[in-house]
Each structure stands twice: as C-alpha cells, then as structure tokens.
Amino acid sequence: GAGVSQSPSNKVTEKGKDVELRCDPISGHTALYWYRQSLGQGLEFLIYFQGNSAPDKSGLPSDRFSAERTGGSVSTLTIQRTQQEDSAVYLCASSSRGRTSAQSSYNEQFFGPGTRLTVL
Amino acid sequence: TQLLEQSPQFLSIQEGENLTVYCNSSSVFSSLQWYRQEPGEGPVLLVTVVTGGEVKKLKRLTFQFGDARKDSSLHITAAQPGDTGLYLCAGEYNAGNNRKLIWGLGTSLAVNP
C-alpha cells in the first residue's frame, strides 16, 4: 500500500515569502505529526493532529508557522514570511495508534521522505 | 520536562567492528522505539520494545529495554557499510488521552569499508 507522501520534495524560496508544504498520510491513520530536522540532527516536534481533536501546537516555533488538516487526511504546513533559520527538512509522519484507548500496539510512526526547504 | 539523552552523537568505525548506542532518561516510557534514517529519506521504524528487560534481535542488531523502562541500547555486531545512517530512539508516554513520543537527538553512524 501507499506510504506517507510529501510535496514538494525540495523548495527554494526567498526570505520573506510564504511557503506551503503538503503531507498525505497513510489512509486510515488518525494521527499526523509534523517535525523539523536540521542537517544530520534529531527531530524537532512541531504540531500533532489526532482525529477531530484540537491539534497540539506546542512545538510551533513562532506564529509564522501554522498547519491544518482537512477532512482528517491531508495536512498543509504553512510558513509565513520565511526566514533563513527556517531552512531545514520538514518531515511528516502518521500513526494509527495515537490514542491511549487504541486496542493494541503503540504509537509507531510512519514517515514521509520530507521536504527540504531552503530560504535564501 | 521529558528528556531522552542519546549517545554517542557521532560514531565512525571500520567494517566488522561492534558498537553500542545508548538512550537514557529519568522518565518511564510505555515503549521505546528505534528508527534508522538514511540521507534524503524519513526515519524507518526498526523495532519497538515494551517490557522492562526485553531483548529483541534483528539480524546483527540487538535492542534492549532497561528493567525500569527508562533506558535502552542498540548493539550492532560486525557492522557493515550498509548500517551507515542516523539512528534515532523515541520514548513513548501518555499525555492525557494521547500517546506522544519524545525523541533522542540521534547517533550518526558511519561504517567504513
């Protein structure tokens, strides 16, 4: 079956421009996560969607960052007025077991290939 | 604040050598996951350990969860160039109704032929 897909794979933009990054999760996965990763480093949590609940936005670094998830499936991460420090790989992951009430297994996440954002 | 310390951060070894990567925390986790990430790709789950003291093996990789479920190790025997990549550990905990992960900073492994 299809995995998590992200688009575009690469995005080069000028400082001050807005960008939109897209994530298509695995069908049926209720949980969706956005992370940011600097070169060779670990994952920085940005935002988490679980079903119809209000998203956990606790990781967003500033109010220039926002995300939405339409119809419980596709998600878009928007960065307004981009800055050079926003340059990174943005990773999306989905999971079928984000709830503690899930009957089995654990919150194992499936990642997309990421979008490499470069702000000039 | 939950913290998950991963060490070493960088490791460069020769083919055939053994190595161990550690993840440590003062927090108890319901599970501990290990992922590997190759350049240009997202992390891929290798294994999940859930029981204190649990040991899982995946070919030449051995994963162990500490008895208190606060720490974990990944041991690679006779490393191969194909093992090169970024290894990430992630500890799972419950936050209200949601299961969340806290991530280590990763171990960048280079296995030289």
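Read-outs throughout are calculated quantities, based only on the coordinates presented, and are distinct from any laboratory measurement. Note that this is a predicted model, so its numbers are computed, not measured. Because the Cβ atoms are built from the backbone with ideal geometry, glycine has one as well, and the counts that use them run over all protein chains shown.
Things to note:
- Matching strands (runs of 3 or more DSSP E) fully within region A:4-54 where at least 1 residues are of a type in the set (Ser, Thr, Tyr): A:5-7, A:10-13, A:31-37, A:43-50
- The residue that is farthest from the other protein chains (Cβ to nearest Cβ), among those in region B:1-41 that are part of a loop (DSSP other than H, G, I, E, B) and among the β-branched types (Val, Ile, Thr), is B:VAL28.
- Matching residues in region B:82-103 - criterion: being out of contact with any Gly (no Cβ under 6 Å at 6 or more places or on another chain) and closer than 21 Å to B:GLY42 by Cβ: B:GLY82, B:ASP83, B:THR84, B:GLY85, B:TYR87, B:ALA90, B:GLY91, B:GLU92, B:LYS100, B:LEU101
- Entry remark, region B:76-113: residues being assigned to a strand (DSSP E or B), within 14 Å of another protein chain (Cβ to nearest Cβ) and among the β-branched types (Val, Ile, Thr) number 2 in total.
- Top-ranked residue of region B:64-75 - restricted to ones that are within 14 Å of chain A (Cβ to nearest Cβ) and of a type outside the set (Gly, Ala, Ser), ranked as surrounded by the fewest Cβ atoms within 10 Å (Cβ to Cβ): B:ARG69
- Qualifying positions in region B:42-75 - outside any strand (DSSP E or B) and farther than 15 Å from B:GLY106 by Cα: B:VAL50, B:THR51, B:GLY52, B:GLY53, B:GLU54, B:LYS59, B:ARG60, B:GLY66, B:ASP67, B:ALA68, B:ARG69, B:LYS70
- Breaking point among (1) surrounded by 14 or more Cβ atoms within 10 Å (Cβ to Cβ); (2) under 29 Å from B:LEU109 (Cβ atoms), for A:SER9: (1)
- The set of residues in region A:32-60 being in contact (Cβ under 8 Å) with a residue 24 or more places away in the chain and away from every other protein chain (no Cβ under 11 Å) consists of A:LEU32, A:TRP34, A:ARG36, A:LEU46, A:ILE47.
- Looking only at region B:64-108, residues that are closer than 18 Å to A:TRP34 by Cα and of a type in the set (S, T, N, Q) come to 1 in all.
- Residue in region B:24-45 that is touching a strand residue (DSSP E or B) at 6+ places or on another chain (Cβ under 8 Å) and more than 27 Å from A:LEU46 (Cβ to Cβ) present: no
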